[in-house]
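FYI, it's all coordinate maths here, none of it is from the lab. Here the structure is a predicted model, which is why all the values come from computation and not from measurement. As a convention, Cβ positions derive from the backbone with ideal geometry for all residues, glycine included, and neighbour counts pool all protein chains shown.
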Amino acid sequence: MAEKLVAVKGMNDILPRGVPRKDKLPDSAIWRWFERTVDTVMTRHGYHHLITPVVEPTSLFVRGIGEATDIVEKEMYSWKDSMNGDALTLRPEITAGIVRAMIEHNALYNGPLRVWSIGPVFRHERPQKGRYRQFHQLDVEALGFPGPDVDAELILMLRSLWLALGLEVGPHVRLELNSLGQPAERAAHRAALVTYFEQHADQLDEDGRRRLHTNPLRILDTKNPAMQALVEAAPKLADHLGEASRTHLAAVCAVLDAAGLPYRINPRLVRGLDYYNLTVFEWVTDQLGSQGTVCGGGRYDGLFEQLGGKPTPAIGFGLGIERLLLLLQEIGVPVPDPAPDAYAVLPDAAALPQVLVALDALRRAGLTVQMYAAGAGGGASLKAQLKRADASGARFALIFGEDELAQGLVTLKPLREADATQRMRPLAQVADWAQELRNA
Ligand code: ATP
Ligand code: MG
C-alpha cells in the first residue's frame, strides 16, 4: 500500500457531522450555520459581500501591516514566484487585500461602502487549541466613514451576531475598548515609553529589548508575568490623547451606553497591527483558555493613503471563526441541523433506475430526500436501511418494495407520529403528493 498522506501541520479539514475526529474541531454543520447566520446579520445591516484573492504581493502586507509587527516579522508564508520572481504571500489577514481592491477598482467613487468577506488566512505560528496555521476569518469593513457613529454601529452589529448565535454578552463574551489616538499623539506617547523603558532596560526580556526601538508599544502587549509590574507603571497613551480623540471615544461609548451594551475601557489594548488609530476593540471570552480573543478590530484612517489611495477613513474587524465555533461548542449552543423530509428505503437494488427517477421528481419539487447508497448488490438489509432512515431524523421513509413497484406505487411510512398509518402513492404522480411529505 502506498504511504498515507496527511494534511500540513496546523491546517485542518472541516468534516461532515458524525465523522469521528480526535481534535474535536467544529464540523461543517456548525460551520454552515455560522455562515448562514452571518449572511443574515450582514444583509440586515447593509453590508455587501466580496471576495479577494488568498495570494497578494508581499509588499501589500509589509506596507499595510507594518514591518515591526509579529505577523510581518515571523508569521507570513512568503515566497518568490518560480516563473517571474514576484514576491508573493498567503494573506495573514483580509483587511489589506480589501483596501487594495477598493483602491484598484475605485470602489468608493460613489461614496462610502460597507463590505464583508469570509475566507482562509495563513500565519506561521505554533499550532495549539484555537491557534492554527490556516484559519478562517470573518472580516467586516465600513469604508469611507469617519465615525464615531459607524464605530458604534459596527460594535452593536457584533452583539446582534452573538445573540443570533446564542451567545450572551457577559457570561460568554465581553467587549474591551480603547482609543489609540492619532499618529502625532502616539508618537509623543512612544517617545515617553522609550525613555521609560530605557530607564528600566534591565527589567526587559529579550523580546522587549528587541521591540524597544522597533515597536515599543508592543512591549505593553507582553504575556511575560515578570514584566507585568513594569508595564503597569509605564506612561499611558490616554494621557497623551488630545481633545478630538477623547471626544471620538466618548461618542462611541455614549451610543453603546444608550444601547445597553456593557464594555470595559482597557488602556492596555493596542492590537498587533500597525495601521490602527482612534477606536480599537476586542471581544474576549474566558472559556477558551489562553486563546481568548474571538474578534478584534479598529479604525484605520491612514491605511488607504499608505497603500496609494486617497485619504479614506475606515473601520473594521477580523473574527476568528475556529475560535468562535469552539466557544459555541464549549457552551453547548444547539446547532440547527435540519432533518430530511424523507429517506428512501430500497430492499432490492434492481429497482434503482425507477427509484432514482421518482426521487429526482421529489427533489425538483423542493423536497430533501436522502438515500443510503444502494448500488447493484451493495444494498443494506431492509431493517438496516429503516434504521438509517430513522436516525436521519426524516419524517417519512419511502419504501420502494417489490410488490409496490410492480403496481407503480411507493409506501409512505411516517416515522415521527406514534399511531400514523402508512399509505401508498403512485410513483408517476409525485406532484400530487409531494406536498403531503412537506407539510407533515
Ligand atoms: P492573538 O493575539 O491571539 O495572536 P491577533 O491579535 O494576532 O490574535 P488578529 O490579527 O486581530 O489576531 O486576528 C483576528 C482574530 O483572528 C483573532 O481575534 C482570533 O480570533 C483569530 N486568530 C488570530 N490568529 C489565529 C490563529 N493562528 N489561529 C486561529 N485564529 C486566529
Ligand atoms: Mg497573533
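What to note about this one:
- Calculated FRET efficiency for the pair ASP348/GLU104, C-beta based, R₀ 35 Å, to 0.05: 0.05
- Residues whose amide H falls under 5 Å from that of MET371, counting only those 5 or more places apart or on a different chain, are ALA344, with hydrogens built in the peptide plane.
- The modelled label-to-label distance for the pair GLU305/HIS213, using points 7 Å beyond Cα in the direction of Cβ, is 2.8 nm.
- The ARG423 and ALA380 beta-carbon pair, evaluated with R₀ = 35 Å, returns a calculated FRET efficiency of approximately 0.90.
- Measuring gaps between exposed loop sites in the chain (GluC sites (Glu not before Pro); DSSP loop; at most 12 other Cβ atoms within 10 Å), the longest gap, sites not included, is 169-416.
- Calculated from backbone phi, Karplus (6.51, -1.76, 1.60) coupling profile of the range 353-358 in Hz, x at Gly/Pro: x, 5, 5, 4, 5, 5
- Anisotropy class of the range 1-124 from Cα gyration tensor, a/c 1.5 cut: oblate
- The chain: most fluctuating residue of ARG17, ARG186, ARG299 per GNM, C-alpha cutoff 10 Å: ARG17
- Using θ = phi - 60° in the Karplus curve 6.51 cos²θ - 1.76 cosθ + 1.60, the 3J(HN,Hα) couplings for the range 245-251 round to 5, 5, 5, 4, 4, 4, 5 Hz; x is entered for Gly and Pro.
- Calculated translational diffusion coefficient of the range 221-318 (37 °C, 0.692 mPa s; Stokes-Einstein with Kirkwood radius over alpha-carbon pairs) equals 211 µm²/s.
- Estimated vicinal HN-Hα couplings, Hz - the range 386-396 in sequence order (Karplus 6.51, -1.76, 1.60; Gly, Pro = x): 5, 5, 5, 4, 5, 5, 5, x, 4, 7, 9
- Rounded to 5, the percent of DSSP beta bridges in the range 342-439 classed as antiparallel: 55
- Euclidean distance of C-alpha centroids, the range 65-98 and the range 335-366, integer Å: 48
- Amide H contacts under 5 Å for LEU409, placed H, 5+ residues apart: LEU427
- Inter-site label distance for ASP202 and VAL255 at 7 Å from Cα along Cβ, in nm: 5.0
- In nm, spacing of pseudo-spin labels at ALA244 and LEU5 (7 Å Cα→C-beta vector): 5.5
- By the Kirkwood approach, averaging reciprocal distances over each pair of separate Cα atoms, the range 342-439 gets a hydrodynamic radius of 13.3 Å.
- With the convex hull of its Cα atoms as the shape, the chain has an orientation-averaged projected area of 29.1 nm².
- Only lysine pairs 8 or more places apart, or on different chains, with alpha-carbon atoms under 26 angstrom apart are counted in the chain, and they number 17.
- Under a 5 Å amide H cut-off, with hydrogens placed 1.01 Å from N, LEU278 pairs with LEU180, GLY181, GLN182 among residues at least 5 apart or on other chains.
- Computed over the range 226-367, relative contact order equals 13 percent, with contacts defined as Cα pairs under 8 Å that lie 6+ residues apart.
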